[in-house]
Amino acid sequence: MTAIPATPPATRWSRRKDVRPGEILEAALKLFVEKGFRATKMEDIAREAGVTKGTPYLYYENKEEIFKAVIREGMLTKFDELEGLSGQDEASAEVRLRQVIYRWWESIGNTRLAGLSKLMIAEAANFPELASFYHAEVIVRCRNMVRHVLEDGVARQEFRILNMDHAVEIVIAPLLLAMVWKHSFHNFESAKFDMPAHLDNVLDVLLNGLKVR
């Protein structure tokens, strides 16, 4: 009886013929955060995703388009939920501000997506077109979301605001710093940083300054 030859084990490449764009974006995000935008090559992204070098080009024209897709598919989808929280007019402005800040950290700040903030700060001058995209799609949208809550709080006479533009930046600044710190000096700290406690204190300082007395 002739023995049936054993089926050879599938290689990494054959297992990934059905790769989806999302897997390429996940690989790109990991490399962008770890290596930076300039240092990450298209072939690096393909290797990390476990596909051949030409596969990313089937979905994206170049590395810049992959970066934009990472922002759109990863970060901006989270903003949809956050904007839903900020727009719940039946809740007080204080409750909505708390929800937005805590959920922001859970869905963005405490994930690999937070590393994109540090990346853009570091590389904005070298890639102005990408910086302009990030500013329009992420920064402006973040500001508008926070502004909506603060303006509603003022309208309800919950909050007192001297300058709305400055107030928006003051609310965002602690989150931005925490995200940058997480992907820079955090690993050198001797004690583990208690982010929930930090957010509690941030909100205590903000709300005691914002509330009408």
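In whole percent, how big is the carbon plus sulfur part of the accessible area of the chain, probe 1.4 Å, protein atoms only? Whole-percent figure for carbon plus sulfur exposure: 55. Using DSSP H assignments, which helices in the chain have an axial alpha-carbon span of 18 Å or above and a mean Kyte-Doolittle hydropathy of -0.5 or higher? Long hydrophobic helices here: 21-35, 140-155, 164-182, 195-210.
Taking the Cα centre of the range 52-126 as reference, the dipole from Cβ charges on Lys and Arg (+1) and Asp and Glu (-1) amounts to some 380 debye. Under 1.5 on a/c is rounded, so check that first for the range 95-213, then, if it is not, pick prolate when a/b is larger than b/c and oblate when it is not; a ≥ b ≥ c are the square roots of the alpha carbon gyration tensor eigenvalues. Oblate. Binning the C-alpha pair distances of the chain at 10 Å intervals from 0 yields a P(r) profile of 7, 29, 28, 19, 10, 4, 2, 1, 0, 0 %, listed from the shortest bin outward.
Can you find, among 176, 101, 188, the residue farthest towards the positive end of the dipole of the chain? Put +1 on the C-beta of Lys and Arg, -1 on that of Asp and Glu. Checked the options; the winner is 188.
Given axes a ≥ b ≥ c from the Cα gyration tensor, I'd like to know whether the range 161-213 is rounded (a/c under 1.5), prolate (a/b larger than b/c) or oblate.
Working: a/c = 4.87, a/b = 1.92, b/c = 2.54.
The shape class here is oblate.
Between residue 204 and residue 73, the contour length at 0.36 nm per residue exceeds the Cα-Cα span by 43.9 nm.
Per residue, the chain exposes 58 Å² of accessible surface when a 1.4 Å probe is rolled over the protein heavy atoms with every protein chain present. Candidates 28, 75, 167 compared by Cα position along the dipole of the chain: farthest toward the positive end lies 28, with charges placed on Cβ. Under a model in which nothing but the beta-carbon of Lys, Arg (+1) and Asp, Glu (-1) is charged, the chain shows a dipole of about 640 debye around its Cα centre.
By the helix-only formula, in which each DSSP H run with n ≥ 4 contributes -39500 (n - 2.57) and the sum is divided by residues, the chain has a 222 nm mean residue ellipticity of -18000 deg cm²/dmol.
The values are calculated or read from the model by the stated rules, or taken from the named source; none is laboratory data. Since we're looking at a predicted model, the values are computed, not measured. So basically every Cβ, Gly included, is an ideal-geometry build from the backbone, and we count neighbours across all protein chains shown. Side chains included, ligands, DNA and RNA excluded: accessible areas come from the protein's heavy atoms. Shrake-Rupley method; radii C 1.70, N 1.55, O 1.52, S 1.80 Å.
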